[in-house]
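Notes to accompany the following structure.
The values are calculated or read from the model by the stated rules, or taken from the named source; none is laboratory data. All figures in this text were calculated on a predicted structure; none of them were measured in a lab. Cβ placement follows ideal geometry from the backbone for every residue including glycine, while neighbour counts extend to all protein chains displayed.
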Amino acid sequence: MSDESHRVGSRTASRKPWGGRFRSDTDAAVERFTASIHFDRALARYDVRLSAAHARMLCEQKLLSPEDLEALLQGLERVGEEIEGGVLPLDPALEDVHMHVEARLRELVGEAAGRLHAGRSRNDQVATDLLLYLQDSVSAAQHGLHGLREVLLARAREHLDTVLPGYTHLQRAQPVRLAHHWLAFVEMFGRDAARFRDLSERLRAAAPLGSGALAGSTLPLDRQQTAEALGFVAPSANSMDAVASRDLALEFLSDCAIAGVHLSRLAEELVLWSSAEFGFVELADAYATGSSLMPQKKNPDVPELVRGKSGRSIGNLVTLLTVLKGLPLTYNRDLQEDKEPVFDSAATLRDSLEVMAGALATLRVDVPRMREAAGDSLLLATDLAELLVVEGVPFREAHEAVGQVVAHCLEAGRDLLELSHDELRAFHAAFPAGAGELLSLERALEARKLPGGTARTRVAAALDTAEQEIAAALATLDAGATR
C-alpha cells in the first residue's frame, strides 16, 4: 500500500467511532451484516434521553461548557424528532442508533457533539437504553394484561348464571359457571401482571451508565446524578456486570412467554368453542375471516394467530438464553442479538392482548347450548359418590359403586337421575333414600360453596375481589407513571 493509499484508507476508516486504529475500510458485506440501525432505532428516544442526562452531568462536573450543553440539548431534541418521525436517513456504515444520533448531532451543533461521549462507551450506553425500553415495555404489558382482565371480568358478570361443562382431558367432567371459568383466566393474567410488576423494580434498581466499556472511567462523573435523572434508584454496583449482563431482558422474555402461553390457552378454547362440534360461542365478524374458496366459512383467525404467535415468544426466550450461555465477561458483539427478541416479544404481547380483548368483548355466547351440554346427568356422578361418603362409605368404595352405576346407565341407555332408590341400592346398600332427588344441576353448582368453588355466592364474591384488585393495580401503575 502506498503512502497516499494509506492516508486515504485512514481517513475513510476514521468515519467510524473506532476508526483511528484501522487503515482500510470495512467490507460492504460486513457493513450490512453488523449494522443494527434497522431494528435498534426503537431505542432512539431512550438514547436521546440518556444523552441529555449525561450532558447535564458533564456540565455540572465542568467537563462541558453551559453553551455546549444548551446546543446539545437543542440538537438532541431535534434528532429525536427526526428519528421518531422517520425522516433521518439511515446509513449502515454508522452501524447503530447511537452513532446515528452522534453523527446527526455533529451536523447540527458541530464540535460540541464530540464532547458528549466523554466518560461513556456504547457498552454502558446500550445497556442503559435497553433497561429504559424495558421499563416502558413492562408498564405497557401490565396495562394490557389488566385491560384484558377487565374485559373478562365484565363478560363473567354478564354470565354469572350461565352454566357449561367443565372439562378434564377435554372430556366433560363437572358443571361450572361460565363466570367461574373466565375468572380462572383473570387469575392467570393477574399473576402475569404481577411478574411484570416485580420485574419493573429490578429494572429501576441500578443504572449501567458510567460503567464505561467495562472498568468505569477516570473522569469525575456523578453517576448518582445520571441514575436519578433517568429514574433509577442508584448506579450499578459493578461496572463489568452492568455492561455484560442481560438477565433482566431474559426475565422480560420469560414473562412475555408465560403470558403468551396463557393467551394461547384462552385462544385455543375460543377456537374449539366456536366450532360446530361445540357451538358454544361465535366470534364477531370483526374478529374472524372467511375462506377464499368456501363461501360458508367463518374462521377464527384471530385466536389462531394468538395461539401461533405464542411460539414466537417462547422462541425469543430460547434465542437469548442461547446467545448468553457461552459469553465470557464482559461485552461481546453477540449481545447485539438481544434486541430483536425483546422488541418482537414486546410487540407480540401488546398486539395479542389488544385483539383478544376485542374478540372477547364482542363474543356471542350461546347460553342454551352451553346449558344443554352441562345437563348430562353423568356430570353429577361425583356428587352421587359423595352422598355415599356422607353415609360413611370410604371414597374409593363409593367411587367403585358409582362407576358401576355409570356403566349401567351407558349400557342400558338410562339417565342417572331416573334411577330409583332400589336400583341404586343394587350397586351399594348405603345409598340414602331420595338420593336421585338430591342430585340436580343447580344443587351441584350450589353445593360447591367452599372458597374457590363455583357456587353463585363464591363466584360473585370473587368477581368483586378481582374488580377491586384490578382497580388498585391500575391506580398504582398510573401513580408510578406520574412520578
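The table below lists the values:
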| item | result |
| --- | --- |
| When residues of segment 326-342 are limited to those that are surrounded by fewer than 18 Cβ atoms within 10 Å (Cβ to Cβ) and hydrophobic (A, V, I, L, M, F, W, C), the one nearest to residue 238 (Cα to Cα) | 329 |
| Selection from segment 254-273 of residues that are surrounded by 22 or more Cβ atoms within 10 Å (Cβ to Cβ) and either without any contact (Cβ under 8 Å) to a residue 40 or more places away in the chain or of a type in the set (Phe, Trp, Tyr) (or both) | 273 |
| Selected residue [under 30 Å from residue 207 (Cβ atoms) and either among the β-branched types (Val, Ile, Thr) or surrounded by fewer than 22 Cβ atoms within 10 Å (Cβ to Cβ) (or both)] from 237, 276 | 237 |
| Test: residue in segment 116-130 that is farther than 23 Å from residue 218 by Cβ, crowded, with 21+ Cβ neighbours inside 10 Å and in the same structural domain as residue 202 (by TED's automatic domain parsing) | yes |
| Number of positions in segment 433-455 that are assigned to a helix (DSSP H, G or I) and either in contact with a Lys or Arg (Cβ under 7 Å, 6 or more places away or on another chain) or surrounded by 18 or more Cβ atoms within 10 Å (Cβ to Cβ) (or both) | 3 |
| Residue in segment 66-81 that is modelled with pLDDT under 95 and within 29 Å of residue 332 (Cα to Cα) present | yes |
| The one condition in (1) out of contact with any Ser or Thr (no Cβ under 9 Å at 6 or more places or on another chain); (2) part of a helix (DSSP H, G or I); (3) under 30 Å from residue 373 (Cα atoms) that residue 250 fails to fulfil | (3) |
| Enumerated helices (runs of 4 or more DSSP H) restricted to segment 63-124, each holding at least 2 residues that are among the small types (Gly, Ala, Ser) | 66-84, 112-115 |
| Qualifying positions in segment 239-281 - among the charged types (D, E, K, R) and under 12 Å from the mean Cα position of the chain (by Cα) | 251, 255 |
| Evaluation of residue 348 against (1) more than 24 Å from residue 271 (Cα to Cα); (2) of a type outside the set (Asp, Glu); (3) outside the structural domain of residue 432 (by TED's automatic domain parsing); (4) touching a helix residue (DSSP H, G or I) at 6+ places or on another chain (Cβ under 6 Å) (one fails), failing number | (1) |
| Sole residue being surrounded by fewer than 17 Cβ atoms within 10 Å (Cβ to Cβ), of a type outside the set (Asp, Glu) and in a helix (DSSP H, G or I), chosen from 197, 149, 157 | 157 |
| Residue in segment 376-410 that is surrounded by the most Cβ atoms within 10 Å (Cβ to Cβ), counting only those that are within 24 Å of residue 166 (Cα to Cα) and of a type in the set (D, E, K, R) | 383 |
| Segment 360-377 - residue that is among the hydrophobic types (A, V, I, L, M, F, W, C) and not in a loop (DSSP other than H, G, I, E, B) and, of those, farthest from residue 276 (Cα to Cα) | 361 |
| Residue satisfying all of: in segment 286-325; of a type in the set (S, T, N, Q) and over 30 Å from residue 359 (Cα atoms); surrounded by the most Cβ atoms within 10 Å (Cβ to Cβ) among these | 319 |
